[in-house]
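Participant: Encoded as structure tokens, here's the structure I'll be asking about.
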Amino acid sequence: MSTRRLLTAALLTTLAASAWAQNNELAGVAGRTFIADQGIIGATFPNPTVHFGNGFIMEGSYGRQLTPAGLIQLTLEVPVQFNVDEDLGSGTNAIPEGYLSIFITPSARVNFFANTRVSPWLSGGGGYGRFAESSNALYYGPNTGPRGTNAGVIQFGGGLDVRVWPKFSIRGEFRDFWSGTPQLNVDTGKSHQHNLSVGAGVVWHFGK
């Protein structure tokens, strides 16, 4: 092997080792959330359903690797997800026009084949959620119902990290935040809802 090829191989090996020695990560993800519609119990008007739009989500997370990269790697992560605009629809003006939400869920994440460039993963945990209902009713006038709702949240999900540079990966993910419900001012018979999100973003690996 020529000296040039030997140096090139040594450089690539050093860069790969440096990448996989990074024990911390910061990730940013953007995407959409999907929430099943909820029927209104006892409704006598047309369209007796609360419809949820596909809200835009922004997510940031910090992760700390607890085990070395290998066939299986364990990471403690804290995803923080914002649904910045969840629009609502229905046949009644009683519900708010929409709401904002935030979920903070410390979780354990397991990456598979973490010492390769392509690493699928699964995540699970739980924490806190809050809904901020709009001050406006759906069609006209103020929202006369309670505003500001706290909720417990269970998070589980999965995704794929693809290393594109020693310190950076591309991430695709789905997460389900199973939470309490916002104040909708109507009886849907629901005490919990699935907030399923799908998104993509960038991961920065750094430090020790």
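The values are calculated or read from the model by the stated rules, or taken from the named source; none is laboratory data. What you are looking at is a predicted structure, and each value in this text was computed from that prediction instead of being measured. Don't worry about glycine lacking a Cβ; one is built from the backbone with ideal geometry, like all the others, and counts go over all protein chains shown.
Participant: For a quick check of your reading of the model, give me the residue pairs whose first member lies in the range 140-151 and is farther than 20 Å from ASP187 by Cβ, whose second is in a loop (DSSP other than H, G, I, E, B), with beta-carbon atoms closer than 8 Å and at least 6 apart or on different chains.
Facilitator: These pairs meet every condition: TYR140/ASN93; GLY141/ASN93; PRO142/SER135.
Participant: May I ask you to list the residues in the range 119-171 that are among the β-branched types (Val, Ile, Thr) and either over 16 Å from GLU97 (Cβ atoms) or surrounded by 15 or more Cβ atoms within 10 Å (Cβ to Cβ) (or both)?
Facilitator: Of the residues in the range 119-171, the ones among the β-branched types (Val, Ile, Thr) are 144, 149, 153-154, 162, 164, 170.
Within the range 119-171, THR149, VAL153, ILE154, VAL162, VAL164, ILE170 meet the criteria.
Participant: Scan the range 173-192 residue by residue and report those that are among the hydrophobic types (A, V, I, L, M, F, W, C) and closer than 24 Å to SER123 by Cβ.
Facilitator: Taking the range 173-192 first, the residues among the hydrophobic types (A, V, I, L, M, F, W, C) are 174, 177-178, 184, 186.
Passing the criteria: PHE174, PHE177, TRP178.
Participant: Filter the range 76-118 down to residues that are surrounded by fewer than 18 Cβ atoms within 10 Å (Cβ to Cβ), charged (D, E, K, R) and not in a loop (DSSP other than H, G, I, E, B) and give me whichever is modelled with the highest pLDDT.
Facilitator: Filtering the range 76-118 for residues that are surrounded by fewer than 18 Cβ atoms within 10 Å (Cβ to Cβ), charged (D, E, K, R) and not in a loop (DSSP other than H, G, I, E, B), the one modelled with the highest pLDDT comes out as ASP87.
Participant: For the range 135-193, how many residues are among the basic types (Lys, Arg) and closer than 19 Å to ALA36 by Cα? Reasoning before the result, please.
Facilitator: At the first step, the residues of the range 135-193 found to be among the basic types (Lys, Arg) are 147, 163, 167, 171, 175, 190.
Those still in the list that are closer than 19 Å to ALA36 by Cα too: 175, 190.
Residues meeting the conditions: 2.
Participant: When you go through (1) of a type outside the set (A, V, I, L, M); (2) under 28 Å from ASN24 (Cβ atoms); (3) part of a strand (DSSP E or B) one by one for LYS208, which number turns out not to apply?
Facilitator: So the condition that LYS208 fails would be (3).
Participant: Considering only the range 181-200, how many residues are at negative phi and either surrounded by fewer than 14 Cβ atoms within 10 Å (Cβ to Cβ) or within 16 Å of the chain's Cα centre (by Cα) (or both)? Before the answer, list the steps.
Facilitator: Residues of the range 181-200 at negative phi: 181-184, 186-188, 190-200.
Imposing the further condition that a residue be either surrounded by fewer than 14 Cβ atoms within 10 Å (Cβ to Cβ) or within 16 Å of the chain's Cα centre (by Cα) (or both) reduces the set to 187, 191-200.
The qualifying residues number 11.
Participant: Can LEU160 be described as assigned to a strand (DSSP E or B), among the aliphatic types (A, V, I, L, M) and touching a Gly at 6+ places or on another chain (Cβ under 6 Å)?
Facilitator: It is true that LEU160 is assigned to a strand (DSSP E or B), among the aliphatic types (A, V, I, L, M) and touching a Gly at 6+ places or on another chain (Cβ under 6 Å).
Participant: Now a separate question. For the list (1) modelled with pLDDT of 95 or more; (2) surrounded by fewer than 14 Cβ atoms within 10 Å (Cβ to Cβ), I need the number of the one condition that LEU71 fails.
Facilitator: (1)
Listed here are the residues, each with its yes/no results for (1) at pLDDT below 95; (2) surrounded by 12 or more Cβ atoms within 10 Å (Cβ to Cβ); (3) of a type in the set (Asp, Glu).
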position	(1), (2), (3)
SER2	yes, no, no
ALA10	yes, no, no
SER18	yes, yes, no
ILE40	no, yes, no
ASN54	no, yes, no
GLY60	no, yes, no
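Participant: Does TRP204 satisfy the condition of being among the aromatic types (Phe, Trp, Tyr) and more than 20 Å from PRO79 (Cα to Cα)?
Facilitator: Working: among the aromatic types (Phe, Trp, Tyr): yes; more than 20 Å from PRO79 (Cα to Cα): no.
No; evaluated as a whole, the condition is false for this residue.
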